[in-house]
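We did not get these values from a lab; they are worked out from the coordinates using the rules stated. Computed from a prediction, not measured in an experiment: that's the story for all the values here. Reconstructed Cβ throughout: ideal geometry from the backbone, glycine too, with neighbour counts over all protein chains shown.
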Amino acid sequence: MKYCITLLFVLSLALGHAQDNFGIQFPNSGMRGNVCGYFEQAFQNKPKETSFVIKRENSKLFFETNDEKWFKQLFKNPQDGIAVDIVSKNRYECEVDPVPSQIKGKLLAPVYTSELKRGLKPHENKRYRVEVGNIPTSMLKQDLEFNILFLNNNTLCKYYTIFNLASYPWGLLDMGVYLDSITYKNDKIVSDQEQAVTRYKTLQFVIPFEKNKSVYDPSDIKPLYDSLKLTDFNIKTIDIKAYASVEGSKERNMELQQERGSSIARSLQSFQSPEIETNITTSENWVEFFNDIEKTTYRDLKSQSKSQIKAALTGATASALEPILANHRKAVVTLELDKIDVYKEQSIPELTTLFNASIANDELEDAVVIQNSLLEKIRVAGTPDAIKKITVPQQKKYVDFINKNMMYDYLMDIRMTMIAYNKLKELAELDPNNPKLQYNLAVLKFVIWRNNAAPIDANQFKSQIADLKNYGINRTLINRMNINYHIVRAEREMRKRNFNEKDKSVLNILSTYNQVPLTDSDYLSLAQFLTYYAQNGEAIKLLEPRAQEITIDEDLLFYYLNLTLVDKRLTQSSAYRTIMLNAVNLNKDCYCKLFDPSLEGGVTFQLLEDAYLKKSYCENCVN
């Protein structure tokens with residue numbers, strides 16, 4: 001994962017039998033409803049924007065919130081209050097089984113209504129806080145977390161563990177823009193098959209490894225290189241994820257995969273003179289191993305540790321599983337391509353002169369090549385004003401040239417959206433059946449609609465999207481726009497508190513997304529959209545199949561883990577172990593960091609209350 005961003009999240013945990021601490025009453029779940037009705041209602045009605053957390057400053061602990069009004073309304077009775085349970089990571093040492101308990105660590109004395117309201121003071125960034133206790137001297141050097149007990153008449157009504165969950169920016173599915181063809185802004189891809197997939201100027205393919213072979217000659221790679229038809233492209237970057245089958249020494253497996261990856265990179269480099277930036281990562285292919293043995297008589301291996309499995313994969317067992325293991329030795333190779341530019345050495349002013357001359361002389365095929373080189377140079381240089389020096393008459397035969405200029409203007413500066421939109425509407429009067437214009441008009445209209453830049457009739461826009469089929473636009477592109485239509489509509493209906501209409505749009509998306517090929521960025525945007533509208537189960541359902549594939553994008557996999565780590569029904573399954581191993585393969589440091597203290601960038605080390613997660617953590621993160 002390129003980065004780990006965090007967002008505070010709280011989870012209420014059910015507690016077991018009663019015990020006496022500072023006179024606090026611990027009712028069972030059946031009785032809690034009788035004594036905690038008001039508190040339950042207050043938390044149900046809590047605005048979703050309201051947040052709270054325990055903050056630490058040296059030995060002092062503060063309860064902090066962004067909602068003063070909600071906080072003061074919550075505490076009414078003299079013995080309503082807050083107590084802090086200080087939990088140490090020492091509780092979860094790998095050699096120790098934690099004793100189940102309502103209070104997991106050191107319980108501090110409660111702070112009650114009068115002191116809470118009197119002590120609540122404004123803090124930075126429009127927040128408020130009140131001191132709620134001190135860490136005992138004996139615990140100051142330990143890794144700590146701070147759970148919150150909310151008390152109603154000195155009765156425990158809510159017990160909160162603070163979770164630090166990853167958050168990522170999200171928006172509409174990438175619709176791209178229509179230039180010579182559909183060009184996408186997004187550069188992430190997903191391949192469902194072991195074959196080359198061309199998209200976003202990127203190729204992804206799989207090279208199998210023969211057992212005990214570590215070197216690839218250019219002659220081995222040449223047929224593949226030729227099949228990719230790279231005569232018009234240079235390879236800019238190579239990303240190689242090299243996978244070893246799981247039997248044998250891990251150290252030797254990693255060494256072998258590094259040799260194989262480097263050999264492939266050298267072979268590809270031999271076909272071009274520009275230097276190729278190369279990144280090689282290696283791992284053992286536990287993901288596909290666990291997926292594949294599920295269908296064999298050796299499925300019981302899934303419950304064993306990695307070392308036990310390696311010990312079993314010898315002799316007859318290794319021979320019997322060789323047809324499966326053979327498929328696990330491979331490299332997933334992703335190439336980022338740059339189109340070969342015959343005008344590479346020409347400057348922007350020189351190309352502008354050449355383009356204008358080609359248009360004046362009606363040498364339109366040459367003009368297309370020159371314009372593509374010129375616009376890309378302008379984009380890289382970040383000088384959009386240079387487009388204004390490109391001269392194109394407003395005639396039907398030049399419509400595609402003007403369209404391309406305007407869409408580049410929009411891509412370089414979203415503030416140009418309205419100007420580009422109005423210009424394309426003029427062009428559509430010249431060439432009303434031009435599919436590129438009609439598609440781009442719809443793309444720009446989404447930007448205008450979502451940003452309230454101009455009034456948009458939602459029903460008319462919906463019909464406009466449907467009419468794209470009459471211009472020959474591919475059905476999957478129209479379906480993608482329909483999903484985006486309902487994403488924007490759901491947002492707008494939510495703001496107007498038209499919840500029934502919002503729900504209709506969410507349901508429409510759920511019934512449509514499986515008709516659209518999705519990139520990993522699309523999956524991430526959709527999952528976050530569904531989570532925002534309280535469709536966590538649907539978000540998990542969306543991501544689950546992808547989470548078990550080794551080619552999944554790192555951000556997407558860790559978002560799935562953040563959605564599911566707190567659900568014991570999922571974490572205790574063998575399929576989930578496969579997903580966690582996938583995360584370990586992609587980024588072991590980020591996986592292990594999930595179990596760091598929540599105030600130090602982790603989700604929470606209290607996940608280790610789950611024996612299944614603890615086993616994974618101890619197996620993969622503890623030396």
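When the label point is put 7 Å from the Cα of residue 277 along its Cα-to-beta-carbon vector, which residues of the range 302-344 have a backbone N closer than 16 Å? Within reach of a label on residue 277, which here means backbone N under 16 Å from a point 7 Å along Cα→Cβ, the range 302-344 contributes 334-339.
Loop-located chymotrypsin sites (Phe, Trp or Tyr not before Pro) in the range 21-130 (DSSP state other than H, G, I, E, B) with a sparse environment of at most 15 neighbouring Cβ atoms within 10 Å: 22. Pairs of Lys residues in the range 213-327, spaced 8 or more positions apart or belonging to different chains, with C-alpha separations under 26 angstrom: 20 in total.
Quick one: longest stretch of the chain between exposed loop trypsin sites (Lys or Arg not before Pro), exposed meaning at most 14 other C-beta atoms within 10 Å and loop per DSSP?
Of all site-free stretches, the longest is 345-495.
The length gained by stretching the chain between residue 99 and residue 504 to full extension, at 0.36 nm per residue less their Cα-Cα distance, is 141.1 nm.
The string of couplings for the range 84-91 from the Karplus curve (6.51, -1.76, 1.60, θ = phi - 60°) is 10, 9, 8, 10, 9, 5, 4, 4 Hz, one whole number per residue in order, with x for Gly and Pro. Run through the DSSP bridge list for the chain and note the antiparallel percent, rounded to the nearest 5. So the antiparallel bridges in the chain amount to around 85 percent.
Where a Cα-Cα gap under 14 Å defines reach, which aspartates and glutamates qualify for residue 504, not counting those fewer than 8 residues away within the same chain? Once the sequence-local aspartates and glutamates are set aside, what remains near residue 504 is 491, 493. Note on residue 141: aspartates and glutamates with a C-alpha under 18 Å away, same-chain residues under 8 apart excluded, are 57, 85, 93, 596, 600. Note on the range 6-166: dipole from Cβ charges, positive end direction compared against 149, 37, 87; the farthest Cα belongs to 37.
Here the chain is scanned for GluC sites (Glu not before Pro) in DSSP loops (not H, G, I, E, B) that have at most 11 other Cβ atoms within 10 Å, and the longest stretch holding none of them is 346-623.
When the C-alpha to C-alpha distance is required to be over 21 Å, the pairs from 388/425; 404/462; 377/445; 396/445; 541/593 that qualify are 404/462; 377/445; 396/445; 541/593. Peptides 512-518, 481-487 ranked from most to least packed, by the mean per-residue count of other Cβ atoms within 10 Å: 481-487, 512-518.
Going by amide H atoms built from the backbone, whose H comes under 5 Å of the H on residue 133, apart from near neighbours? Correct list: 61. Looking at the range 235-306, which chymotrypsin sites (Phe, Trp or Tyr not before Pro) are in a loop (DSSP not H, G, I, E or B) and have at most 15 other Cβ atoms within 10 Å? When the chymotrypsin sites (Phe, Trp or Tyr not before Pro) of the range 235-306 are filtered for loop state and at most 15 Cβ neighbours within 10 Å, 271 remain.
Determine, from the Cβ-Cβ distance of residue 56 and residue 588 and an R0 of 25 Å, the FRET efficiency 1/(1 + (r/R0)^6), rounded to the nearest 0.05. After rounding to 0.05, the efficiency reads 0.35. Ignoring aspartates and glutamates fewer than eight residues from residue 69 along the same chain, the ones with Cα atoms less than 20 angstrom from its Cα are 40, 49, 80, 115, 124, 131. With the simple model of a label 7 Å out from the Cα in the direction of the Cβ, residue 117 to residue 611 spans 4.8 nm. Using R0 = 60 Å, the C-beta based FRET efficiency linking residue 316 and residue 143 works out to 0.85.
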